[in-house]
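Visitor: This is the structure I have questions about; it appears just below.
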Amino acid sequence: MDRTHERGGPDGKSSAGVRLALLLRRWWEESGSSSGGARPTQQALAARLGVDQTTLSRYLNPKHLSAAPLRVVDSLHAQLRAPAAELEQARALCRAAQRENGRRRTATPTDADEIPTADAAPGGAPATTPGKDGTAVGGRTPSRWLTPVLVAAAMVLAFTAGVLVHRRLSPQDHVTMANGPAGAAPASKGPYQWPLLRVGEDCFARGRALQYLLRAHGYPVPTDGFFGEDTRKAALGFQRRQEIPADGKVGGLTWPRLVMDVRPGSGSYEVRAVQELLANVNRGHTPVSGRFDTETAEQVKQFQHEHGLRATGRVEKDTWLTLLAKQLPPAHAPEYQRTMVPLPSSSR
């Protein structure tokens, strides 16, 4: 059934959710034309965004009620190299669509909250008429044990939901309390912690990797490895966009949001971030080219094998963490790390 009409506004115009989906779909359909490259498949794009393909398809479908969240909108804009002027438009549509969906959920009755009819008894129960034998006519027989059972079921569901929410939120909440301000490196289940980078420090390979990742997310910072004021402002902007506590430091709350899966076909900046880190642990043997070629994949596999990671050749979160943790201290960094790495001529 075509739901476009259902999602229209009171004046008959398309809702914000429809317009957002149409805009995102246009970004995807036109993504290969401006750069002359091939348009990414939805499967590949979903992998970069960290969502499944079915979910991404819903976000790009104006006939579906699912509206893309702000994180996905921002990531799609960066991944598809959409026009810079359209980012704020997409964000505004995203917020409006979220408000629309909230109103729709409030206004639409569920099975448990049906609107009582004129024939309903007080409290929303169906009206019943006792028969000659004492049973109800025109409705279900009232049950004395129904209410206690429902109360018990509700308590079980509430307890289960509380456990799930605690498991989901407690690691970051614990990190914030145990390690001070946002950006502080959290205690990790593994042997490594995310490094803490802050303004005024020469961070060398880690700093360059950070700056390339910020560029991959749309923040045009220099890639000199020095955590200056422009890098701090970009980090603040990224933290606010991700709705995490914003202090301009990059540590255990920010790195996991900043890193992305890197593999053949990934963007130039995120590939350069990986190659910078590989070059420093391999003492300069990795070219920082921005192309995820066979040599880079083999060096990633070698690094993963040496450090007990699954040797996939793709750089996922565990590999990012280990790469960052294994960097040489700045005081002992090789001479090549002290020179600027030229940026590509394109925007990515």
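Just so it is clear, none of the values below were taken in a lab; they were calculated from the coordinates. On a predicted model such as this, the values are computed, not experimentally measured, just so you know. Because the Cβ atoms are built from the backbone with ideal geometry, glycine has one as well, and the counts that use them run over all protein chains shown.
Visitor: Where nothing but the Cβ of Lys and Arg (+1) and of Asp and Glu (-1) is charged, how large is the charge dipole of region 199-251 around its Cα centre, in debye to the nearest 20?
Guide: The calculation lands at about 180 debye.
Visitor: Let me ask something else. What ranking, highest mean first, results for peptides 68-81, 301-314, 269-282 when packing means the other Cβ atoms within 10 Å averaged over each residue?
Guide: Descending packing order for the listed peptides: 269-282, 68-81, 301-314.
Visitor: Let me ask something else. Please compute the length gained on full extension between residue 30 and residue 71, using 0.36 nm multiplied by the number of residues separating them and subtracting their Cα-Cα distance.
Guide: 12.7 nm
Visitor: Fully extended, how many nm does the chain gain between residue 295 and residue 257 (0.36 nm per residue separation, minus their Cα-Cα distance)?
Guide: 11.0 nm
Visitor: Work out, step by step, the length gained on full extension between residue 243 and residue 202: first 0.36 nm times the residue separation, then minus their alpha carbon distance; give nm to one decimal.
Guide: Result for the pair: 12.1 nm of gain on full extension.
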